[in-house]
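The values are calculated or read from the model by the stated rules, or taken from the named source; none is laboratory data. Keep in mind the model is a prediction, meaning the values are calculated, not measured. Here the Cβ is made from the backbone with ideal geometry for all residues, glycine too, and neighbour counts use every protein chain on show. Ligands, DNA and RNA are stripped out before the accessible areas are found, and what is left, the full protein with its side chains, is counted by its heavy atoms. Shrake-Rupley method; radii C 1.70, N 1.55, O 1.52, S 1.80 Å.
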Amino acid sequence: MEEDKIINQLKEKFGEKILDAKIQRARRVVITINRDDIYEVCKYLYENGYEYLSCISAVDYEDRFESVYHIFNAKTRVLVQIKAIIPKDDPKIKSVYSIWKAADWFEREAYDMMGIVYEGHPDLRRILLPHDFKGFPLRKDFKLTPAQWFEKKG
């Protein structure tokens, strides 16, 4: 089974850096890693046929952020979902832009909405909100005030 094969390859290559690995359903593998290992794991996957990055998103949990990557191998038709754990008090992770140019807008959106800094991104700036917008509106602790959106009329 192709899903078992990629899990075994990842565990063999990265050992304890793979914090969790499971087959979620047919043709879908989910692994969890620490943020420090994202570039190395993604580079390995790319070099082994996972050439299509379809999505990067960010999740705000009570105790951490996660940057979530969906990476597809067209030949085997297996998608690997990587969940990279990022501490709340230091929301940074290495950019994968140099592996997949598609990461450009995905990383910028996660930065804009969640405040996760993708280190090494060539143009990390807001993509959806005005450049002077204060805060990150998809964080659970974000408080929206009228002044953020509307200019007060005197």
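Kindly establish whether residue 72 is part of a helix (DSSP H, G or I) and either under 23 Å from residue 108 (Cβ atoms) or open to solvent by less than 60 Å² (accessible area, probe 1.4 Å) (or both).
So residue 72 fails the test.
Could you list, ordered by first residue, the pairs with Cβ atoms under 8 Å in which the first is in the stretch 10-26 and open to solvent by 100 Å² or more (accessible area, probe 1.4 Å) and the second is of a type in the set (Ser, Thr, Tyr), at least 6 apart or interchain?
13/44
When both residues are 6+ apart or on different chains and their Cβ atoms are under 8 Å apart, which pairs have a first residue that lies in the stretch 119-141 and is aromatic (Phe, Trp, Tyr), and a second that is at pLDDT below 95?
If the second residue must be at pLDDT below 95, the pairs left are 133/148; 136/142.
Of all the residues that make up the stretch 41-54, how many are open to solvent by 20 Å² or more (accessible area, probe 1.4 Å), in contact with a strand residue (DSSP E or B) (Cβ under 9 Å, 6 or more places away or on another chain) and on the phi < 0 side of the Ramachandran plot?
5
Condition first: free of Cβ contacts under 8 Å to residues at least 40 places away in the same chain, outside any loop (DSSP other than H, G, I, E, B), hydrophobic (A, V, I, L, M, F, W, C) and under 30 Å from residue 4 (Cα atoms). Can you find one or more residues in the stretch 95-112 that meet it?
no
Restricting the search to the stretch 127-154, which residues are in contact with a Phe, Trp or Tyr (Cβ under 8 Å, 6 or more places away or on another chain) and modelled with pLDDT under 90?
The answer is 148, and nothing else.
Given the criteria buried (at least 17 other Cβ atoms within 10 Å of the Cβ) and touching a Phe, Trp or Tyr at 6+ places or on another chain (Cβ under 7 Å), does residue 38 qualify?
So residue 38 does not fit the description; no.
Can you name the condition, by its number, that residue 65 falls short on among (1) of a type outside the set (A, V, I, L, M); (2) buried (at least 16 other Cβ atoms within 10 Å of the Cβ); (3) in a helix (DSSP H, G or I)?
That leaves (3) as the condition not met.
Evaluate the stretch 111-126: report whether one residue or more is surrounded by fewer than 18 Cβ atoms within 10 Å (Cβ to Cβ), modelled with pLDDT of 95 or more and of a type in the set (Asp, Glu).
Yes.
Restricting to the stretch 90-105, what's the tally of residues that are closer than 21 Å to residue 47 by Cα, in contact with a strand residue (DSSP E or B) (Cβ under 6 Å, 6 or more places away or on another chain) and either open to solvent by 20 Å² or more (accessible area, probe 1.4 Å) or among the aromatic types (Phe, Trp, Tyr) (or both)?
3
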